[in-house]
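Asks: My structure is below; once you've seen it, I'll send some questions.
What follows is calculated from the coordinates using simple rules that are stated; it is not laboratory data. Because the structure is predicted, anything quoted here is derived from the model rather than measured. Neighbour counts are summed over all protein chains in view; Cβ atoms, including those assigned to glycine, are modelled from backbone coordinates with ideal geometry.
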Amino acid sequence: MTREEKLALVKSRRWYHSIEIEPDLVTPGMRSQAELQQLLTYVELPSRLDGLTVLDIGAWDGFFSFEAERRGAKRVVAYDLVPADHCGFDTARTLLGSDVEYVQGSVYDLDRETVGRFDIVLFFGVLYHLRYPLLALDRIHDVCDGVLLLETHCLDRCLILEDAEATTLERIDRRLASIPLYRFYPANELNRDYSNWFSLNQRAIEDGLRTAGFEPALLAQWGDRVAYRARKRQGPQPYLQATYEGTATKSLTRTPLIRAAKIVRDPAPPATVEPRSPSVDAARPGVSDRIARSAVSSCWCGGVLGELVAPRYRRCVACGSAVLAERPTVEHFRVVDDERDFYGRTYWTEYAEARSFPDICARARTDLSERCVFWLARLLEAVHPPGRVLEIGCGHGGFVKLMRELGFDAVGTELSPWVVDFARRTFEVPVLLGPLDTLALEPGFTCIAAFDVLEHLDDPLGTMRRCRELLAGDGTLLLQTPWYRGEGPEWSMFQPDEHIHLFTEAAVETLLRRAGFEAVTVQPSLFPHDMWVVARPHASASGSTDEARIPAAFQALLGLQRHADELGRTLAVVEADRGDRLTQVHELTDRLQELTAELAASEADRAERLDQIHTLTRRLTASDADRAERLAQVNQLTRKIHEVNDELATANADRAARLTQIHELTRQIRDLTSQLATSEADRQARLEAIQALQRDLAAAHAELDAIRNSWAWKATRPLRLGRERSPR
Ligand SMILES: [Zn+2]
């Protein structure tokens, strides 16, 4: 492309950024190169970005994208709402021969699965143009793997008052700086621009970044602008701990905002739930998408379901439980066809394996020495044989077997005929088939146990009431169930195919008191995510503490178990410590990597500067030589000037002498002239005298002639003749 063609291309567009296409060819942007370079200084964009990925949100003509590419970034994505040829981007990219990618989209739609993940996210001059600034930060968190560089308008030094006057927060009250403030602009109050929506003060920007999962550091403030570097923190975003908006779920933020807005306006879930896209549950293999669901809007306790705490789960406003709001139908809990129904054979085999759990055969072996011993120890703290014990949801039946060995008259229940058969065959224990409410059981049980069952129940209150009916007055109910303490959506107990209610401690107490239990205690269980619940119908009833009736072999086993527990606890402490140290090591490694990167950048910078210094030194040396040469020339010229001056002086002296001569000659000429004039006058006088004499002579001659002609003369002639002839 010739320079003329390039120039024509540049002229064919309107420009916002001033981008240098080649030396002396810069796009005539509204924002000058100097201004843009200054901004790069404020945000401290490293001089080298080798190997890094960069996302430029609100890229417009692409100045910052091209700059990131120039600094060595391995992948740069310019991201904006408009098509690439709407502004100068496409033209600049062609002219620069750049490889920067352009993605058209809204900041609210940012999604790592679509655009990827980035080491550096540039977010310049966008935030105050957004109606949903926090949603934007939340979405950026998803695609940012390292650092967000944020530049924006800021309220602290530019608060527009009602009369359009601008003031500062400090002038109103110094304390305003420490309160996060959002100034809303319903019209064009800020800069007469209708696209400006919110001014945040620095505190609001910082707090917004923190709740979105970033750690902000102020880089610069100038005029009404600020720049931050916000490093992404690991772990869930803090805002997820409490939100009613549904923005926590990808499916809501990935689709247009209207959907999120609709949920905000109308918190009641729709009557029927649309089928979900398979990707939502991609991490959960199995049957999710085949489960028919309907929306529920209230908890087992009657409380209203409020904020979404995880996909498909909402928090009960009354009891705090996390409740599956998109509920499988009643058929989901029945097993008619062992091969097809959810809790049939496949639940214990293929489905377990798909979730990386051991299948029921492996479980039957390992549970005996692990979970079952723990349960047994806890059981024996509460009740002693003999007595009738019911285990609801006994699975392979191993624990029923242990209880029977210990002298209890124990019986289990299960939903799947296949599992009931498995337990009967494996451990030769009695197992009843079907949900509790369908079983005809004789009341008077010493103990009813339900481990990892309560969370699966559609009607936990009904089941617990049934347990109360079946228990003896001094009987004990033992439960193990997940312990919900406000965990984020990443909590492994959110399993929408199985777990209906995830109870808080308070909720499980409420449940059991309503079911007729007066004494309820909650303690940690084997796994940290579980609680261990002991409930008795009457507050006065207490479990036996007499260990004498426990066979010695079990006592030894329990002793071993206690020892193992202690070791386990020690191990947990050691593990936690190791974990902490590992985290520290990771943090230090991260920091080291950062420092190494910074060092590399700084080294590169240093090398560049050294290069510049060499170049400058070379130029200086060259310039010195040139200077010396010129000095020599100057000296030579000065010498010549002196010579010429001398010559001139000589010439001047000569001239003066000649002038004197001329004056002398002139004077002489004047004298001579004067003499000549005198002499001429004299001559003239003499001539006149001569002429006068001649006239006198002529007159004399005439007189003489007259005399000669006179008679007397004639008369005397002979006389005179004689005289004449006579010698004298
Ligand atoms: Zn509730």
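Asks: Residue by residue, what Karplus-based ³J(HN,Hα) values in Hz, rounded to whole numbers, does region 108-123 have, using 6.51, -1.76 and 1.60 with θ = phi - 60° and x for Gly and Pro?
Replies: Going residue by residue, I get 6, 9, 4, 7, 4, 6, 9, 9, x, 10, 10, 6, 10, 10, 9, 9 Hz, with x marking Gly and Pro.
Asks: Enter the angle in degrees (range 0 to 90, nearest 10) between the Cα long axis of helix 552-709 and the first principal axis of the Cα atoms of the chain, meaning the one along which they spread out most.
Replies: Taking Cα atoms only, the helix is inclined about 10 degrees.
Asks: For helix 460-470, what angle does its Cα long axis make with the longest principal axis of the chain, in degrees from 0 to 90 and rounded to 10?
Replies: Orientation of helix 460-470: about 20 degrees from the principal axis.
Asks: How do 10-20, 224-234 rank on mean C-beta neighbours within 10 Å, highest first? Before the final figure, lay out the partial values.
Replies: Values: 10-20: 17.0, 224-234: 18.8.
Output ranking for 10-20, 224-234: 224-234, 10-20.
Asks: At a Cα cut-off below 17 Å, give the aspartates and glutamates reachable from Lys640, other chains included and same-chain residues fewer than 8 away excluded.
Replies: Excluding near neighbours in sequence, the set is Glu629.
Asks: As I understand it, the value is the acute angle between the Cα axis of helix 371-382 and the longest principal axis of the Cα atoms of the chain; what does it come to in degrees, rounded to 10?
Replies: Its long axis makes an angle of about 60 degrees.
Asks: Can you spot the aspartates and glutamates whose alpha carbon is less than 18 Å from Lys11's alpha carbon? Ignore those fewer than 8 places along the same chain.
Replies: By straight Cα distance, Lys11 reaches Glu20, Glu22, Asp24, Asp61, Asp85, Asp90.
Asks: Here's another thing I want to ask about it. Around Ala295, which amide H atoms from residues at least 5 apart in sequence, or from another chain, sit under 5 Å from its own amide H, with H modelled in the peptide plane?
Replies: Here the answer is Val273, Arg327, since their amide H atoms fall under 5 Å of that of Ala295.
Asks: Ratio of region 555-712's C-alpha Rg to 2.2 N^0.38 Å, to two decimals? All intermediate terms of the calculation are to be shown ahead of the outcome.
Replies: On the way: Rg = 64.1 Å, N = 158, 2.2 N^0.38 = 15.1 Å.
Computed over Cα atoms of region 555-712, the ratio equals 4.26.
Asks: For Ile500, what residues show an amide H to amide H distance below 5 Å, using hydrogens built from the backbone and excluding near sequence neighbours?
Replies: Residues meeting the criterion, in which the H sits 1.01 Å from N, are His456, Leu457.
Asks: Once amide H atoms are placed 1.01 Å from N in the peptide plane, what residues at a sequence separation of 5 or more from Ala449, or on another chain, have their amide H within under 5 Å of its amide H?
Replies: The list, which skips near neighbours in sequence, is Leu390, Glu391, Ile392, Leu478.
Asks: Right, another one. If the cut-off is 15 Å between C-alpha atoms, which aspartates and glutamates fall inside it for Lys401, apart from same-chain ones fewer than 8 positions away?
Replies: Answer for Lys401, where 15 Å is the Cα cut-off: Asp367, Glu370, Glu391, Asp409, Glu414, Asp421, Glu428, listed by chain and number.
Asks: Sort 351-364, 579-592, 438-451 by the packing proxy (mean of other Cβ within 10 Å over each peptide's residues), most packed first. Please list the in-between numbers first.
Replies: Details: 351-364: 14.6, 579-592: 11.2, 438-451: 17.7.
Ranked by mean Cβ neighbours within 10 Å, highest first: 438-451, 351-364, 579-592.
Asks: Taking the DSSP beta bridges in the chain as the whole, what percent of them are antiparallel, to the nearest 5? Spell out each step's value before the answer.
Replies: Details: 46 of 84 bridges.
Percent antiparallel among DSSP bridges in the chain is about 55.
Asks: Based solely on its DSSP helices, what 222 nm [θ] is calculated for the chain when runs of n ≥ 4 H residues each add -39,500 (n - 2.57) and the sum is averaged over all residues, nearest 500 deg cm²/dmol? Don't jump to the answer; show the numbers that get you there.
Replies: On the way: 21 runs with 321 residues, N = 728.
Helix contribution divided over all residues of the chain: -14500 deg cm²/dmol.
Asks: In 10 Å bins starting at 0, how do the alpha-carbon pair distances of region 605-651 split up by percent?
Replies: 24, 24, 19, 15, 11, 6, 1
Asks: Using only Cα atoms, what Kirkwood radius does the chain have, in angstroms?
Replies: Working: mean 1/r = 0.0282 Å⁻¹.
Result for the chain, one decimal place: 35.5 Å.
Asks: Divide, for region 332-550, the radius of gyration over alpha carbons by 2.2 N^0.38 Å, where N is the residue count. Don't jump to the answer; show the numbers that get you there.
Replies: Working: Rg = 16.5 Å, N = 219, 2.2 N^0.38 = 17.1 Å.
Relative to the 2.2 N^0.38 Å estimate, region 332-550 comes out at 0.97.
Asks: Please sort 514-526, 401-413 by packing, taking for each peptide the average over its residues of neighbouring beta carbons within 10 angstrom, highest first. Show your work: numbers first, answer last.
Replies: Details: 514-526: 16.5, 401-413: 21.2.
The packing order, highest mean first, is 401-413, 514-526.
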